[in-house]
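Written below as structure tokens is the structure these notes are about.
The values are calculated or read from the model by the stated rules, or taken from the named source; none is laboratory data. The shown structure was predicted, so the numbers you read here are calculated from the model rather than taken from an experiment. Counting neighbours? That spans all protein chains shown, and the Cβs are built from the backbone with ideal geometry, glycine included. Calculation scope for accessible area: heavy atoms of the full protein, side chains included, ligands and nucleic acids excluded. Shrake-Rupley method; radii C 1.70, N 1.55, O 1.52, S 1.80 Å.
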Amino acid sequence: MDQSIDARPATPSRLTRARRLLATAPFTARLGMVLVAIYAFVAIFAPWIAPYGEVEVVSRIPFDGWSAQHLLGTDQLGRDFLSRLIFGARNSISIALVTTMISFGIGCLLGVFSALIGGFVDQAISRFVDALMSVPDLIFILMILSIFGNSIPNLILIIAVLTSTRFFRISRAAALNVASLDFVEAARVRGESLLWISIHEVFPNVLPLILSELGMRFCFIFLSIAALSFLGVGIQPPLAEWGSMVRDNAALINMGDITPLIPAASIALLAIAVNFLVDWLLNRASGLNEEG
């Protein structure tokens, strides 16, 4: 009995493709992946990693020095600094991530929709976005927060709306090139709604072009939240946040203690790690090869 032989080449599994991708990634990209993974692990498992509670007062001595009980000492209220640093990763990263995803959704969908509808509506939305972008973000955020209050929902919504203008510009420019293609015209002829065409036809085709911007905007939002917390209008006590930890413990620098610089270094290291990944994604999207 004859047996047919399947001559089709075997398709590499996802794990195999992932290994090949990692093997061709430059050193900076691999370093960025490791650092981002460490930050994510600390943020997710903060309650189990931290030796003490986020707001637990563990010492009667403010600014107690480094010791076996408190590896990074205590803060101005006698709370364990290392525990606050770990919980600060959870608060800072999670709020920045939620804000980025909301901003991404608003900006990209509005940009694609605006490119599809065109005409007066497209021009009106574009000019409104230009007006928002003409005002410095930090000044605008401070003004809005002073009016509506600096709660976490307000902080997330305000930053998300302002940052969505960048996603809008990029997604609209990319969608204008896709909107004239045959499959989009075919969807129009079938009578599909603009929302359906935006989500199912145009958005998947412009997504690879704007994914790199997602990493850049996350860095911007993360740094903005840290700056606002340093100024006292961001994430409010008793929640731990790296920017506010730098401000609250800045007096230690005059005593020759580098403890306040640790959360500042944590902010900078995460921004650098994400930028390493973004640079690699940009090189891959543009077809450039980078040797590690």
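Every listed requirement among (1) open to solvent by less than 50 Å² (accessible area, probe 1.4 Å); (2) touching a residue at least 40 places away in the same chain (Cβ under 8 Å) is met by Ser67 save one, (2).
Scanning region 73-83 for residues that are surrounded by 19 or more Cβ atoms within 10 Å (Cβ to Cβ) and assigned to a loop (DSSP other than H, G, I, E, B) returns Gly73, Asp75. Residue count for region 103-140 satisfying the condition of being in contact with a helix residue (DSSP H, G or I) (Cβ under 8 Å, 6 or more places away or on another chain), among the small types (Gly, Ala, Ser) and over 26 Å from Val233 (Cα atoms): 4. The listed residues are Leu195, Leu261, Leu214, and the only one of them that is farther than 30 Å from Leu110 by Cα and not hydroxyl-bearing (Ser, Thr, Tyr) turns out to be Leu261. Output the number of the condition that Ala160 fails; it satisfies all remaining conditions of (1) open to solvent by less than 40 Å² (accessible area, probe 1.4 Å); (2) outside any helix (DSSP H, G or I); (3) among the hydrophobic types (A, V, I, L, M, F, W, C). Checking Ala160 against (1) open to solvent by less than 40 Å² (accessible area, probe 1.4 Å); (2) outside any helix (DSSP H, G or I); (3) among the hydrophobic types (A, V, I, L, M, F, W, C), the one that fails is (2).
Candidates Phe87, Phe128, Phe120: the one that is within 26 Å of Ala226 (Cβ to Cβ) and of a type in the set (Phe, Trp, Tyr) is Phe87. Look through region 98-140, keep the residues that are of a type outside the set (A, V, I, L, M, F, W, C) and open to solvent by 30 Å² or more (accessible area, probe 1.4 Å), and return whichever of them is farthest from Ala40 (Cα to Cα). Across region 98-140, the extreme among qualifying residues is Gly119. When the residues of region 46-61 are filtered to those that are surrounded by 14 or more Cβ atoms within 10 Å (Cβ to Cβ) and over 16 Å from Leu239 (Cα atoms), the one that is farthest from the chain's Cα centre (by Cα) is Ser59. Output the residues belonging to region 227-244 that are touching a residue at least 24 places away in the same chain (Cβ under 8 Å), open to solvent by 10 Å² or more (accessible area, probe 1.4 Å) and hydrophobic (A, V, I, L, M, F, W, C). Across region 227-244, the qualifying residues are Ala227, Leu231, Val233, Leu239.
Looking at this structure, is Ile147 of a type outside the set (Ser, Thr, Tyr) and either part of a loop (DSSP other than H, G, I, E, B) or surrounded by 12 or more Cβ atoms within 10 Å (Cβ to Cβ) (or both)? Here the answer is no, as Ile147 does not meet what is asked.
Met245 fulfils the conditions (1) over 17 Å from Ala89 (Cβ atoms); (2) touching a helix residue (DSSP H, G or I) at 6+ places or on another chain (Cβ under 7 Å) except for a single criterion, (1). Among the criteria (1) over 27 Å from Ser171 (Cβ atoms); (2) crowded, with 21+ Cβ neighbours inside 10 Å; (3) not polar (S, T, N, Q), the one Phe218 does not fulfil is (1).
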